[in-house]
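Every number here is computed from the coordinates shown, using simple stated rules; none is lab data. Keep in mind that what you see is a predicted model, and the values were worked out from it rather than measured. Don't worry about glycine lacking a Cβ; one is built from the backbone with ideal geometry, like all the others, and counts go over all protein chains shown.
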Amino acid sequence: MIQLQHVTKQFGQAVAVEDFSLKIGEGEIIGFLGPNGAGKTTTIRMMAGVLPPSKGKVIIDGKQLIQKSQSIKTKIGYLPENNPLYEELTVEEYLKFWLKVKGIFPAEQKKALSFVIKGTGLGPVYYRLIGELSKGFRQRVGLAQAILSRPQILLLDEPTEGLDPNQRREMHALIKELGKRKTVIICSHVLSEVTRMCNRLVIIHRGKLVADGSPDSLSKAASGQQIIEVELTGNKILSQIKGLSGVDEVVEDKARGENGQYLVVKSADKKDLRPAIFSLVKKNRWQLWTLVKKQIEIEDIFAQLTTS
């Protein structure tokens, strides 16, 4: 459905995206992750045909996307970051304006409006001014514009930005429902919600692809490192745990030590370190409050790949 072939985007001397290649199949819900300035929005804009690549090709459904490829662009729905809207228009006026922009035939317009109003829940505010709407409803209006022509591909740049927890849940459910019938790409820096919505994650750092896979596969790939969290009271704790075989790093987390020293022990050794730590506890007669092996989370993987 979508292919990026060795895509590079430069702004003057600055390289925003470098030699980026990716294949996305029909019906996938992809999470585009990366720190601020990583190149996520630039990549999304090239997929939408808003920005041309400096090098490489963007291919949609087997055809190269260029700025004048209107027939290809009709297959794409795009919700930009910050969701620009005409606040002086009502929701009805705004959507009817986009019917004309998107070239939807008059015979199909009523059906298209009915589809987006029902799909995004805009019925209660359909005749209200956009400038009077809550942030949640404004995001829905932007999404309605994006799906008005029933595109095969949805590109959503920070679709839940500024929403409260209830509005986020509603938007998650709506996006997952849309994803049953379309290819959806979500650009976000909120790792937890992207993990819940998406079946594949793509992590970008400094304009380059650094990871690509399902949340489970990325977690398994990182599971070679084990992290043990331990809280202890006693003498010479830090030095003795650092001296254990297989220990690569020990970091004290002073914010979490309610009863004693709270340590985060890291190791690339596959052998579980907890029995060795517990033996030290008995030998030195330390008081043990916590000894737990931490599950590797997407947040940990993200930090490993984008901290440099």
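Other residues whose C-beta falls under 13 angstrom from the C-beta of residue 129 contribute a net charge of -3, scoring Lys and Arg +1 and Asp and Glu -1.
Most simply put, the chain has about 70% antiparallel DSSP beta bridges, counting only bridges with both residues inside it. The Kirkwood radius of the chain, taken over pairs of alpha-carbon atoms, gives through the Stokes-Einstein law at 37 °C and 0.692 mPa s a diffusion coefficient of 148 µm² s⁻¹.
Summing Lys and Arg as +1 and Asp and Glu as -1 over all other residues whose Cβ lies under 15 Å from the Cβ of residue 231 gives a net charge of +1. In the chain, helices alone account for a calculated mean residue ellipticity at 222 nm of -10000 deg cm²/dmol, with every DSSP H run of four or more residues adding -39,500 (n - 2.57). To the nearest ten degrees, helix 274-284 and the longest principal axis of the Cα atoms of the chain are 40 degrees apart. For the chain, a crude dipole built from +1 on the beta carbon of Lys and Arg and -1 on the beta carbon of Asp and Glu, taken about the Cα centre, is about 700 debye to the nearest 20.
Find the centroid of the Cα atoms in segment 1-51 and in segment 196-211, then give the distance between the two in whole Å. Centre-to-centre distance over Cα atoms comes out at 10 Å. Length, then width, then depth: along the principal axes, the Cα atoms of segment 105-253 run 77, 30, 26 Å.
Residue pairs exceeding 31 angstrom between C-alpha atoms, taken from 180/270; 135/176; 57/111: 180/270; 57/111. Cβ crowding within 10 Å ranks 40, 110, 73, 55 as 110, 55, 73, 40, fewest other Cβ atoms first.
Just checking the listed ones, 169, 140, 285: in the Gaussian network model of the chain with Cα springs under 10 Å, the one fluctuating most is 285.
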